1. Here is a list: 103, 133, 96. Which entry is modelled with pLDDT under 85 and within 46 Å of the chain's Cα centre (by Cα)?
2. Do you know which of the residues in segment 97-118 that are in contact with a strand residue (DSSP E or B) (Cβ under 7 Å, 6 or more places away or on another chain) and part of a helix (DSSP H, G or I) is surrounded by the fewest Cβ atoms within 10 Å (Cβ to Cβ)?
3. Would you point out which residue out of 527, 508 is closer than 15 Å to residue 706 by Cα and outside any loop (DSSP other than H, G, I, E, B)?
4. Test residue 320 against the criterion of being part of a helix (DSSP H, G or I) and modelled with pLDDT under 75, and give yes or no.
5. When you scan segment 642-658, how many residues do you find that are over 18 Å from residue 587 (Cβ atoms) and either without any contact (Cβ under 8 Å) to a residue 12 or more places away in the chain or in contact with a helix residue (DSSP H, G or I) (Cβ under 9 Å, 6 or more places away or on another chain) (or both)?
6. Check whether at least one residue in segment 139-146 is modelled with pLDDT of 90 or more and farther than 17 Å from residue 70 by Cβ, and report yes or no.
7. Tally time: how many residues in segment 614-633 are assigned to a helix (DSSP H, G or I) and either under 21 Å from residue 672 (Cβ atoms) or in contact (Cβ under 8 Å) with a residue 60 or more places away in the chain (or both)?
8. In segment 659-699, how many are closer than 29 Å to residue 567 by Cβ and either buried (at least 23 other Cβ atoms within 10 Å of the Cβ) or touching a residue at least 24 places away in the same chain (Cβ under 8 Å) (or both)?
């Protein structure tokens, strides 16, 4: 037998190659839009019925619904209210970052049962409960319910009606809340919406006033307790100070002063220590000046040069020296004037030296005085240290008592200041809620909304219809396209034959060279030419899973098509249970394959020439009692082998696979099998069962042909399978 290789046709591949879907470009992610559209188109009747029913129900609900009017009031809710007096707010301050939670809390308060009760009481709804309930379309209760009496039951009905018809909304990035109420009465809707806004503002003010009153009462109690603790701690401190002989040197610093030393000894030590530090600094500075003065020439010392007397003497000496030098140019040294000037210069030098030494001695005296002061203060510090250490052991208890006094005094002052601030603002409340727009009676009802209801009904119909289509498609595994053949059967589709209109015979269409059916079989013939390296298979069986799927028509069309291109073709009708091929070829069926397999006749006696050139035919012959046994015998295998040596192609028209043993047996005698699938008729499970039976005998499946394909019923024009190219549309 010839080896069969995978072939391609119409953009598809047989099993063994990766399938390439023609509609891959229409797949958006995991959803195949073409498959969805096809399913909806096939189930369009059910889908339209679901949409029409849903629209009718929506219109019925719209016309039977009671008109509802919605009135809306707008209020502004600020997170923090303006303070009349700074620091007088007794409520906890909300963080600005926690504004969303605060605003949501206010919305919950508006929708609370307490506000609803205040609205009902303010409008007198509890007194005229039957009138309000009738306006809301609610039947007043005739008997008590649960643990309530009749009056309480109706009160609960009113509160429930108020809460159920109230809606509060706060847009994002806004502090303007809308309070809306719906009812069949436009005037009642506006009245209740305004009552909710007023009740919320009143409740907010009352809550702040109650909080302030409670704060004053609490602060009064705390002040009394704190004042008593302060007095007791001061008495204990004073008694211990007298007992220990401690004098508080900081008492003059004002009440509550904590800076400075606590006793006279400590105060003296601190003061002397400060003086000692200054004395050390003065001594160091004086010592440095003295060391510098003692090691520097007299007239090079800054203190000497800065002395006014020295400066005057130096000026006189310079002036006199200049005169002496000028006269020396005219007079000799023994001249009386020059002798007198020289004596004057000597005297001035002596005075300069004497004054400079006096200045330097002053620096030394300053150093000696600073040293004595330092030593005296060091001795005083040493004496006070001993006294201070003795006081410290007694001052531990004193400091503990003093801290207790300071703590009580600070607490008392804080409470007193807070109490004064709260008392100053008692009865003065700044509200953080204000009405921006009061509710007016609405002009038009908000429900029912015909267009919205119609849109919702249409959507519901689409949803219900789509769900029905999806469920039906999920459980319906009928093969409708080449994609289904590849995905459900794992076999490549090598041919597609369009469906014919009702009353049109396929054999008549095959006589038309340019008909769609003829073109489809021409394409199938071309695909089979590529089935093996040497061309079309030498022997091939055409079969299907069930009857009336087009296998006999396909056998006839392929035999006719190969014969028309000059191939010698033998067509064998092996369906001995229901032979029909002889009718289409206009030949006799008196003797045929059944007689040949029982060796009643020879091949030459059953072989018939047809009206089609190059096409010979062996009919099925009379219906035998045991067709399966005849096919299973060795005669059929010998016949096919003999005919493949004589003819170019041997085509075997086989019975269906399911329910019969004929087709699997025949498949074992031919090179390959062509599997016929009727579109929208054969189910995937049925076709898979047939293919599995063929595979058990190791049959080589060349591919599948989808017959009777109706593109319009599939939900698209032609899926690209068009055989009318080149026709004259006129």
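The values are calculated or read from the model by the stated rules, or taken from the named source; none is laboratory data. The structure displayed is predicted, hence computed values, not measured ones. With ideal geometry, Cβ positions are generated from the backbone for all residues, glycine too; neighbour counts draw on all protein chains shown.
1. Within the list 103, 133, 96, the selection yields 96.
2. 107
3. 527
4. So residue 320 fails the test.
5. 9
6. For segment 139-146, residues modelled with pLDDT of 90 or more and farther than 17 Å from residue 70 by Cβ: absent.
7. Looking only at that region, the number is 2.
8. Total satisfying the criteria: 24.
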